[in-house]
Structure formats: structure tokens, C-alpha cells
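The values are calculated or read from the model by the stated rules, or taken from the named source; none is laboratory data. Computed from a prediction, not measured in an experiment: that's the story for all the values here. In this analysis, Cβ positions are derived from the backbone assuming ideal geometry, glycine residues included, and neighbour counts consider all displayed protein chains.
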Amino acid sequence: MINKSNKLLADKTVLWIVIAALIFAAINAIAMGFEIYFIFLLPFVLLLLFYYFFSYEKLYLALAVIIPFSISLEILDYNLALSIPSEPILFLLLILTLYRFISTSSSIGYANHSITITIAIYFVWLIISSLFSQMPIVSWKFVLARAWLMLPAFFLGVPIFFKDIKYQKYLLNIFLISIVIIAVISTIKHAPYNFDFKLSYLACQPFYRDHTIYGAALSLIIPFAFFQIFNSKNKFNNRALYFICFLLLTLGLILSSSRAAWLSTAVALVVGVIILLGIKFRYILLGIVVVASAFLVNYQSIMFQMERNTNVSRKNAASHVRSITNISTDLSNTERINRWVSALRISKDYPVVGSGPGTYQFIYAPYQLPQYQTYISTNVGNKGNAHSEFLGPLSETGIPGMLSVIAIVISLFITGFKLFFKLKHLDRERAIIVLSVTIALLAYFLHGFLNNYLESDKIAFPVWSYAALLTANYYWLYWYKKESTVK
């Protein structure tokens with residue numbers, strides 16, 4: 001009897017699916033007749049809405065694959081550029097985030113942890129500086145965009161990651177697979193041109209607008225693949241797969257020709273290995289002091305050699321590497337210096353509240369000094385940002401704005417490294433995840449001295465979801481200790 005009932009239910013389900021498919025095919029055919037070509041997206045929209053209302057966790061995790069494959073669409077009539085379909089989804093999640101704030105009286109550690117507090121301070125100051133902006137419309141658009149890029153990733157991420165470690169692994173593995181696929185596609189596209197460094201910026205398109213943001217995205221997932229190789233909880237086959245992923249991502253990073261990503265990822269991985277090996281902090285500090293002392297003692301000689309360096313980027317692989325220290329003739333380096341000087345000069349005019357969030361690219365042109373300008377410099381002020389996650393906020397939101405960014409970064413690293421040492425003997429798998437994420441953030445913010453990409457969903461989502469992951473693990477440890485004490 002039960003088998004007959006199950007069979008009847010299955011038959012009805014199949015029937016309804018067939019009917020729905022036929023109805024959709026008919027609607028699609030009619031729509032095509034009226035030259036409406038986007039009706040085929042209706043099932044995906046309905047699925048998105050279903051998860052949005054009934055299982056937002058799955059939609060959040062799906063962003064780890066949606067965002068890397070999203071494509072930027074420019075709406076010229078409104079001077080807007082949207083990443084489709086990721087940013088509309090993030091906007092919907094922002095609404096959900098605000099609703100949860102209003103309707104939920106208590107959330108896991110939102111108001112108590114230093115990461116949460118520093119993020120809140122940063123965002124409040126962003127709003128305050130917008131009130132005094134030189135271009136109010138630009139600044140409020142910037143605040144809205146920063147809200148959907150930042151708030152859902154963090155404030156929805158904390159409860160999701162606290163709920164179960166499997167969600168942390170899902171996010172990181174989905175992001176890993178997505179970036180590996182893009183790295184393979186980019187490598188295949190690059191191959192017919194003999195991996196010419198001059199064409200590296202084209203290989204990652206349309207998923208990433210240029211090679212530097214592509215390199216930054218790679219640096220955010222390479223540490224996870226690397227440290228999973230040494231995770232004793234993984235079976236041999238899984239370690240082998242992570243090793244293959246690490247090799248493919250490293251190849252992608254090399255071919256990206258992003259010198260900032262090369263350097264920041266290498267330094268971050270070295271720090272990670274030192275921590276994983278358990279080398280005492282006093283020895284690390286001693287090494288930093290020795291290197292810093294050697295630099296200060298030989299400062300004039302080093303600067304002299306850097307000024308004499310005539311290697312330029314993207315000529316060939318060897319010259320590209322040596323051009324990292326060329327501060328006199330390499331176009332990429334000298335234009336960065338021009339942008340940094342402009343940012344510093346803007347901050348002198350607006351030291352407290354800045355010129356306004358998002359305004360740098362529109363007002364920096366008059367702040368350029370002739371001795372720092374290059375032939376790609378513009379007096380129109382239409383060529384991007386300050387190329388720094390620290391000097392950009394300084395110019396746009398003043399000294400308090402920059403200090404809030406620095407406070408977030410310090411809070412992330414203190415939390416991450418402390419957590420690793422506390423978790424490594426308690427929960428090895430969780431500890432490796434925490435170390436991977438912390439080292440990835442280290443790679444990005446080292447990169448952040450030379451570039452700034454937190455205005456892009458491609459970088460903002462992984463960075464703020466990693467911040468949520470660290471916060472969630474901090475409260476998991478607090479909960480675990482509390483439960484152990486009770487028992």
C-alpha cells in the first residue's frame with residue numbers, strides 16, 4: 001500500500017514537472033516572438049527567490065561561485081557599473097541583513113567582538129564623511145554600494161559559519177573550484193599568445209577586468225589550497241587534489257603578471273609556514289628587527305640602486321620581476337607614486353572628514369605635481385583610484401577613516417593568529433581553516449599597499465566573508481569552552 005502511494009506521488013510529481021516545463025516552453029516561445037530574450041532566466045530567478053526567502057544560507061554560499069563568474073555591465077545613462085548577477089543578489093541580501101537587524105533582538109557576538117566594532121566604526125564614519133562630501137551624490141552612491149558589498153557578507157556570514165564548520169568548508173571549497181576553473185580558462189586563452197606578459201590583462205576577461213584584480217583574487221584562495229595539503233584530517237586523495245589546485249592557481253598567479261600579487265602571496269605564505277611550524281614569535285620578531293635595521297642602515301644605497309633600475313614591467317618575465325624596484329622609469333610604479341602623492345595632498349586640504357567617499361577619481365587631477373606625473377597621467381581625473389587601501393580612505397574619509405581601516409586590519413590579524421594557536425591542539429581542521437583565511441587576508445592587505453579593490457564584489461565578498469568566518473570561530477571557541485566548563 002505504501003509503495004503504491006509513493007508511486008502515485010512520484011507519478012504526480014513527474015506530471016506537474018512536465019506540465020510546468022510545457023507552460024514555460026510556451027511562454028518562452030511567445031516571448032521570443034515579441035523579441036523578449038531574457039524570459040529563459042525566469043526559472044533561475046524563481047530559484048533565487050525561493051532560496052532568498054526559505055534558505056538564505058544556500059544563496060550566501062552560492063555567491064562563492066556566482067561572484068567569480070559574474071560579468072560587469074556598464075549602464076552609461078546612469079553612470080553605473082554593475083556586476084551581473086552578483087550585485088543585485090547582494091542588494092537583496094542587504095535588505096535581508098537590515099531586516100534581521102530590526103527583527104532580531106540578539107545575534108551571535110555582533111556587538112561584542114573587535115572585528116564587528118571596527119567594521120561598525122568604519123561604516124558610521126563613512127556616513128559622517130558623506131555628509132561633508134565635496135560631491136554628495138557620488139559619496140552616497142559609494143556608501144550604498146559599500147553597504148551591499150560589505151554588510152551581508154559579514155553580518156549574514158557570522159551566524160552561518162557559527163552554525164556548522166561544514167558551511168566554512170563549503171564556502172572555501174566552492175570558491176577554490178571556481179577560481180581554479182577561471183585560472184584554467186585564462187591559461188588556455190593565454191597559451192596561443194605564448195603567454196606574452198603584455199597580454200596577461202586580456203586572458204582573465206570577461207570575469208576579471210584586468211590582471212591585477214585577478215591576481216588579488218588568486219591570492220585570496222591560494223593559502224587555503226596550500227594549507228589543506230598539510231591538513232592531517234584530509235585523506236591522501238584529497239591532499240593530492242588540493243596540491244593540483246595549488247599548482248594550477250600558482251601557474252595562474254605567475255601568468256597574471258601581477259607583481260603586487262606575486263610579492264604579497266609569497267610573503268604571506270612564508271609567514272604562514274613559519275606559524276605552522278611553530279617557530280616562536282620572539283624569533284619572528286628578531287628577524288623583522290634584523291631586516292628593518294639592515295634596510296635603515298643601507299637606506300641611501302638601496303634608494304640609489306632603485307633609482308638606477310631601468311627594468312620595465314611587461315617587457316619579458318625577467319625584466320618584469322626586476323622592475324618591482326624601479327621607481328624612476330617603470331610606468332606602473334611611477335604612476336602609483338603620482339596617485340599616492342595626490343592622495344596625501346588631498347588629505348592636507350581635508351584632514352578630518354576627507355573629500356568624500358568615492359570622490360578621489362573625480363578631484364585628484366589638480367593635486368598632481370608635475371615631477372610625479374607620467375605620460376598616462378590625466379588632467380581630466382578619469383583614471384581610477386589612489387591605488388592603496390590606506391591612502392584612498394585617507395584622502396576620501398580623512399585621518400579617522402584611514403585609522404578605522406587600519407583598526408579593522410589589526411583586529412583581523414590579532415583574532416586570526418590568536419585563534420590558530422588556541423585551536424591547533426583543540427580542533428586541527430578548524431585551526432587550518434582559520435590560518436588559511438588569516439594568511440589570505442595578510443596577502444590581500446599587503447597587496448592593499450599598492451592597489452585597492454574592496455569596491456569590487458570580486459574581492460569584497462571573500463574579504464568580508466573571511467572576516468565573518470574568523471568572528472564565527474572566535475564565538476565557537478567561546479561557546480565550546482563554556483560548554484566544557486558546564487559539563
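With respect to ILE222, determine if the residue is touching a helix residue (DSSP H, G or I) at 6+ places or on another chain (Cβ under 9 Å), farther than 22 Å from PHE421 by Cα and buried (at least 17 other Cβ atoms within 10 Å of the Cβ). Spell out the reasoning first.
Values: touching a helix residue (DSSP H, G or I) at 6+ places or on another chain (Cβ under 9 Å): yes; farther than 22 Å from PHE421 by Cα: no; buried (at least 17 other Cβ atoms within 10 Å of the Cβ): yes.
Considered against the rule, which asks whether it is touching a helix residue (DSSP H, G or I) at 6+ places or on another chain (Cβ under 9 Å), farther than 22 Å from PHE421 by Cα and buried (at least 17 other Cβ atoms within 10 Å of the Cβ), ILE222 comes out as no.
May I ask you to list pairs of residues, at least six apart or on different chains, whose Cβ atoms are under 8 Å apart, with the first in the range 191-207 being under 18 Å from ILE181 (Cα atoms) and the second being among the charged types (D, E, K, R) and modelled with pLDDT of 85 or more?
TYR201/ASP210; LEU202/LYS189; ALA203/LYS189; CYS204/ASP210
I'd like the residue in the range 395-449 that is over 30 Å from SER347 (Cα atoms) and polar (S, T, N, Q) and, out of all such residues, is farthest from the chain's Cα centre (by Cα).
THR415
Restricting to the range 230-278, what's the tally of residues that are of a type in the set (Ser, Thr, Tyr) and part of a helix (DSSP H, G or I)?
5
Mind checking whether some residue in the range 179-194 is surrounded by fewer than 19 Cβ atoms within 10 Å (Cβ to Cβ), in contact with a helix residue (DSSP H, G or I) (Cβ under 6 Å, 6 or more places away or on another chain) and among the charged types (D, E, K, R)?
Within the range 179-194 (the criterion being surrounded by fewer than 19 Cβ atoms within 10 Å (Cβ to Cβ), in contact with a helix residue (DSSP H, G or I) (Cβ under 6 Å, 6 or more places away or on another chain) and among the charged types (D, E, K, R)), the answer is yes, since at least one residue qualifies.
Which ones in the range 388-437 are of a type in the set (D, E, K, R), crowded, with 18+ Cβ neighbours inside 10 Å and assigned to a loop (DSSP other than H, G, I, E, B)?
GLU389, ASP427
Restrict the check to the range 351-364 and report whether at least one residue is at pLDDT 90 or above, out of contact with any Pro (no Cβ under 6 Å at 6 or more places or on another chain) and loosely packed, with under 15 Cβ neighbours inside 10 Å.
Checked against the condition, which is being at pLDDT 90 or above, out of contact with any Pro (no Cβ under 6 Å at 6 or more places or on another chain) and loosely packed, with under 15 Cβ neighbours inside 10 Å, the range 351-364 yields at least one hit.
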